1. Using only Cα atoms and rounding to the nearest 10 degrees, what angle (0 to 90) does helix B:252-270 make with the longest principal axis of chain B?
2. Taking N as the number of residues in region B:351-520, what is its Cα Rg relative to 2.2 N^0.38 Å?
3. Tell me the label-point distance for the pair residue B:580, residue B:495, using the 7 Å Cα-to-Cβ offset, in nm and rounded to one decimal.
4. Tilt of helix B:419-430 relative to the longest C-alpha principal axis of chain B, in degrees (0 to 90, nearest 10)?
5. Based on the mean of other Cβ atoms within 10 Å per residue, sort peptides B:612-620, B:366-374 so the most packed one is first.
6. Any chance you could check the Cα centroid distance between region B:448-489 and region B:555-628 for me, in angstrom?
7. For helix B:365-382, report the angle its Cα long axis makes with the longest principal axis of the Cα atoms of chain B; keep it between 0 and 90° and round to the nearest 10°.
8. At a threshold of 8 angstrom on Cα-Cα distance, excluding pairs fewer than six apart, so keeping six or more, what relative contact order does chain B reach in percent?
């Protein structure tokens, strides 16, 4: 029995909308309109994924028509992809079309990450959108990656990276 | 093959033994392997006072199982020792001593890579260190990061410190680097020190911190230095790229900081008096384009690195750093784009709706202006590099780019609702294109653009759009007004010269209506108790066709706004006075009434109706009612 975990994100920053000026008093903020963010330009697609331990279903909805579209996936943090990285190469999609892909997964220990990259030529040129999805649950004690901890410098906790200096 | 130091060849040895033991079926003769020694104590370089002792312990393994001997060379700080564990060793004199532990097997083969520690016998005195601080910057291209093109840029205006090596909480001296990355710090105290360089500037205060580590500021620290050994210490923060992957991400936060610094310097070059509020930039190798997980609060999502994308959230910047997925620390234009949102938020004003957007889409003109501003600013700051690039993917080997000078290619639907149109106009207002762009006869530079952004664009009673910006820019630069009109009318972004902040000159029959007569006029005048129909079209709630603007002038009375929607579509309303929400209704239906608000006499109020319908045409009726 599959117990899918819904993993959903939008390639176009879809964190809601904001209609008040940041930093100013907003007497009637609402969840629907108060948490908007201003993100970087990306391809006009929405990317979602449902994942089990063995496979993921990736859905890409094209908000704008795209041509010469490549859809590729990448496994990181121990996640392997037996089916390879390319889900689509050089394809065209019409406005509003949703492409669905099944992606076999071979998780490593702990929690991995499935990265989905959609690149193509859209009405405004070549664009890419990237979204990533967590696969599996963190192993006991599995830390965040690349976390060397902090060191006190003066009275301040600092994320300190050692480097070599040249002295003469 | 020889047995090292034995004087016997393997073949010679075989000849003296039973033939069967050296038959060809037994494989190649084994060779003697060197031992491997490790200093198990101390675990790292150590600092002591003169006469202080350091406890040394060693461990040596030999793959052949040979007996081993030990040699500790204390670099002249103490007599050599042949014990495996010399125990407490006293260093009598000040200085820096390299301790080397070498073990040797019974054949005389020594560990080829003996382990070392440095012992700093600190003395006190007055010392000065100076030098230059730089960082590795990897070139961003439209096809990925180019690790073959790494340049060392100066760390400008960076906070730094000299700390006691034995105790980094002991700050001996602190200062700020100059524009060329140089520094000079003097102190009286220990001679055994480390140089710490923070990813933080002083003026303005920009801090690059790790949101996945409780907001700790990023920094690098040198190895322990003996200040008596030389007064010049220079340091380059490496990219950490070793070919297939990153060994460290040391220069990442400094690259982010450098891009933000470049933006600050760009404005200060034309308006030296500008004061920038403090800025926190959150960058981490854990920051991935992962959305908030079920049950995660926004704070928890940020702490886990689930930042969705690089963005400004109204308070701070969040920048992607997930290797092999999406990293932005070297994507200069991305950083400045997001910095542009900080600028709007803290120094100017952005009525940006947020939400999905892309160049050429028919978007709410508030969003189109804000996002176009971010893109244009990235090219302005990095000019003459006008190509916006964004890299991602395995080994950061993918990407895309667009040239802000290429007006036509990136703007399939030119209009006042297109961020591509906005960015092209803003960049052309800035640059001096000479004769290459006959439609661009204006070259204002950044100063006048800044003046409008922090002045009339901030205080406009209208919403912040291309109309409000251009109207103010023309008013402030009347000698350039005709050229500005030519620029804004190029490719029909607007059909008629912009005459006011409300886009009143764009009318149906004579204007760019974005493909629908419902989109003009941009603002409609609304009167009390006079219902107006707002036609809407389903889709993203920040689409042009999902937002309708109405305006009225206050008379000191109290009012509320009623929505009546015959379909089941959700519709919200907000009332603004100079960009500030004074009333709204944002329930789950399209039939609701805002809270009552009291108007100021002669103040302009803008009613924004926003639809959330999924698809198809629908409408709502808007009525301004007297309150309460």
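1. So the helix axis and the longest Cα principal axis differ by about 50 degrees.
2. On the way: Rg = 15.5 Å, N = 170, 2.2 N^0.38 = 15.5 Å.
For region B:351-520, the normalised Cα radius of gyration is 1.00.
3. 3.8
4. Rounded to the nearest ten degrees, it is 80.
5. On the way: B:612-620: 17.2, B:366-374: 29.8.
Peptide ranking by packing, descending: B:366-374, B:612-620.
6. Measuring centre to centre over Cα atoms gives 28 Å.
7. Taking Cα atoms only, the helix is inclined about 40 degrees.
8. The normalised contact order for chain B reaches 8 percent.
Read-outs throughout are calculated quantities, based only on the coordinates presented, and are distinct from any laboratory measurement. Remember, it's a predicted structure, so these values are computed and weren't measured experimentally. Cβ sites come from the backbone with ideal geometry, for glycine too, and all protein chains shown count toward neighbours.
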